[in-house]
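Chemist: Supplied in structure tokens, the structure appears directly below.
The values are calculated or read from the model by the stated rules, or taken from the named source; none is laboratory data. Because the structure is a prediction, the values reported are computed rather than measured. Every residue, glycine as well, gets a Cβ built from its backbone with ideal geometry; the counts of neighbours run over all protein chains shown. In case anyone asks, the SASA skips ligands and DNA or RNA and just uses the protein heavy atoms, side chains included. Shrake-Rupley method; radii C 1.70, N 1.55, O 1.52, S 1.80 Å.
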Amino acid sequence: MKNNNITYFLLTLILLITGCKNDKPTTKESIQEIKDDYSARIDSLILTTSPRKFNGVVFITKNGETKYEKAYGYSDFDKKTPISSNDNFRIQSNSKQITAVLVLKEVEKGNINLESTIKIYLPNLEQTWADTVTVHQLLNMSSGIIDVNEPLLFEAGKGYRYSNPGYGLLGNILEHVTKKEYSELANSLFEELKMTNTYCYQPDGDNKGLVNSYWLESNEVSLVAFDSIGFTKESWKSFIPAGGIISNVSDLNLWDTKLHKGKVLSTDFYNKMTIPTNKGTHAAFDNDTLGYAYGLRVHDQHPIKHLGHGGRGIGFVCIKFYIPENDIDVIVWENIYCLDNDIEPLVVYHFENEIRKIVLSSSLVE
């Protein structure tokens, strides 16, 4: 019996030693590794090539601390220049939230009334609907404007239609009430917020740090020539408020941090900007129907509320969203735009959608 006890003791000791040898020590680093259930998933995702390849930057922060930062691919495919998180890119429709802030600042000063019709600010606008469409309706995509030279798609305020021309008109209104160019207003705001890498693109300007962009077709990339897009000087000027701003991930993270923490707008006007008053679908959010506020999509029907915007065009694709409850900011941008499935936006936004879903199902939101 005594020998059996000794044998049992020795076997138990061996198992304990073997187990301790094989298991990782319980350290702060190993605990953090267990909690990080998103980095490896994102790493694996951006290496896939179906339904298309990824080429860009992923940047995630929580409580101001960088949780994930990776640049993958090239800023110049011919020279094989690695892309960098410091590179500038076109933020496309994320420009709309800049425009919304500029409008709300003028509202706060008493220079613009959200419920006034746009004819008051644009007296030379000859379209009959100028007397019915309000500034508010331009901001929340309920104006029905599909083209400034065409009739409204629906009665103003009675539907949802994403409208780049509508945001172009907001830029015109800002210029009318301030007597300044839109680019001057926006660039002054960026300077005030210390966003040193953010500016309005000018076709004949320096446009510092802007990386090349590419069309992706049949798994081959070709350089996007801006001159071939078809913008005139006047049409580009009208497009800047809707999609013509350049930035990088650190500046956009600074924008989100200051915007969502009360450093850009007062509480009342921040609420006006972020409380949705319309609804629509968008491929950057998996074609979910979600709220549209002022230059921001607000997914308040998801178990984890998040708000942001997607953007695409001229060889770029991006998404930027913020999770208020956890102070998480996510920015994904690419400098390739897939033409193979241009009729299927979910493919264009494939990585943006998948990274968003990884973050929303990760330990980051615990």
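Chemist: Here's a check for you: in the stretch 336-365, which residue that is assigned to a loop (DSSP other than H, G, I, E, B) and in contact with an Asp or Glu (Cβ under 8 Å, 6 or more places away or on another chain) is most open to solvent (accessible area, probe 1.4 Å)?
Modeler: ASP340
Chemist: All but one of (1) on the phi > 0 side of the Ramachandran plot; (2) part of a helix (DSSP H, G or I); (3) of a type in the set (S, T, N, Q) hold for ASN207; which doesn't?
Modeler: (2)
Chemist: Among the residues of the stretch 311-335, which ones are farther than 17 Å from ILE246 by Cα and either in a helix (DSSP H, G or I) or among the charged types (D, E, K, R) (or both)?
Modeler: Let us first name the residues in the stretch 311-335 that are farther than 17 Å from ILE246 by Cα, namely 321-330.
Listed by number, the residues that qualify are PRO324, GLU325, ASN326, ASP327, ASP329.
Chemist: Further, regarding this structure: Restricting the search to the stretch 266-316, which residues are within 18 Å of HIS136 (Cα to Cα), touching a Ser or Thr at 6+ places or on another chain (Cβ under 7 Å) and of a type in the set (D, E, K, R)?
Modeler: Listed by number, the list holds a single entry, LYS279.
Chemist: Let me ask something else. Which ones in the stretch 126-152 are assigned to a loop (DSSP other than H, G, I, E, B) and buried (at least 16 other Cβ atoms within 10 Å of the Cβ)?
Modeler: Filtering the stretch 126-152 for residues assigned to a loop (DSSP other than H, G, I, E, B) gives 126-127, 132-133, 140-152.
Within the stretch 126-152, GLN127, THR132, VAL133, ASN140, MET141, SER142, SER143, GLY144, ILE145, ILE146, VAL148, LEU152 meet the criteria.
Chemist: May I ask you to list the residues in the stretch 305-344 that are of a type in the set (D, E, K, R) and more than 9 Å from the chain's Cα centre (by Cα)? First the steps, then the outcome.
Modeler: Within the stretch 305-344, the subset of a type in the set (D, E, K, R) is 305, 312, 320, 325, 327, 329, 334, 340, 342, 344.
Listed by number, the residues that qualify are LYS305, ARG312, GLU325, ASP327, ASP329, GLU334, ASP340, ASP342, GLU344.
Chemist: Looking at the structure I just gave you, is ILE331 modelled with pLDDT of 95 or more, more than 23 Å from HIS136 (Cβ to Cβ), open to solvent by 10 Å² or more (accessible area, probe 1.4 Å) and of a type in the set (Val, Ile, Thr)?
Modeler: On the way: modelled with pLDDT of 95 or more: yes; more than 23 Å from HIS136 (Cβ to Cβ): yes; open to solvent by 10 Å² or more (accessible area, probe 1.4 Å): no; of a type in the set (Val, Ile, Thr): yes.
No, not satisfied.
Chemist: Contact list please: Cβ distance under 8 Å, first residue in the stretch 150-164 and within 16 Å of THR117 (Cα to Cα) and acidic (Asp, Glu), second residue open to solvent by less than 50 Å² (accessible area, probe 1.4 Å) and modelled with pLDDT of 95 or more, pairs at least six apart or on different chains.
Modeler: Once the first residue is within 16 Å of THR117 (Cα to Cα) and acidic (Asp, Glu) and sits in the stretch 150-164, its partners that are open to solvent by less than 50 Å² (accessible area, probe 1.4 Å) and modelled with pLDDT of 95 or more give GLU155/GLY144.
Chemist: I need every pair where a residue in the stretch 229-242 that is in a helix (DSSP H, G or I) has its Cβ under 6 Å from the Cβ of a residue that is buried (at least 21 other Cβ atoms within 10 Å of the Cβ) and of a type in the set (Val, Ile, Thr), sequence separation at least 6 or different chains.
Modeler: PRO241/THR99
Chemist: Inspect all residues belonging to the stretch 175-194 and state whether any of them is in contact (Cβ under 8 Å) with a residue 24 or more places away in the chain, within 22 Å of GLY313 (Cα to Cα), out of contact with any Leu (no Cβ under 8 Å at 6 or more places or on another chain) and buried (at least 21 other Cβ atoms within 10 Å of the Cβ).
Modeler: No, the conditions are met nowhere in the stretch 175-194.
Chemist: For the stretch 159-174, give me the residue count where each residue is surrounded by 24 or more Cβ atoms within 10 Å (Cβ to Cβ) and assigned to a loop (DSSP other than H, G, I, E, B).
Modeler: Total satisfying the criteria: 0.
Chemist: Select from the stretch 266-293 the residues that are of a type in the set (Ser, Thr, Tyr) and open to solvent by less than 10 Å² (accessible area, probe 1.4 Å) and list them in ascending order.
Modeler: Looking only at the stretch 266-293, we keep the residues that are of a type in the set (Ser, Thr, Tyr), and these are 266-267, 270, 274, 277, 281, 289, 292.
The one that is of a type in the set (Ser, Thr, Tyr) and open to solvent by less than 10 Å² (accessible area, probe 1.4 Å): TYR292.
Chemist: If you don't mind, there's one more thing I want to ask. If you go through the stretch 210-219, how many residues are modelled with pLDDT of 95 or more and open to solvent by 20 Å² or more (accessible area, probe 1.4 Å)?
Modeler: Selection size over the stretch 210-219: 3.
Chemist: Name every residue in the stretch 49-100 that is touching a helix residue (DSSP H, G or I) at 6+ places or on another chain (Cβ under 8 Å), open to solvent by less than 10 Å² (accessible area, probe 1.4 Å), outside any helix (DSSP H, G or I) and farther than 21 Å from ILE358 by Cβ, in order of residue number.
Modeler: Scanning the stretch 49-100 gives a single hit, ILE91.
Each row is one residue, and each column tells you yes or no for (1) at pLDDT 95 or above; (2) closer than 20 Å to GLY315 by Cβ; (3) within 20 Å of the chain's Cα centre (by Cα).
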| position | (1), (2), (3) |
| --- | --- |
| LYS35 | no, no, no |
| PHE54 | yes, yes, yes |
| GLY64 | yes, no, yes |
| GLU69 | yes, no, yes |
| PHE77 | yes, yes, no |
| SER84 | yes, yes, yes |
| LYS96 | yes, yes, yes |
| ALA100 | yes, no, yes |
| GLU106 | yes, no, no |
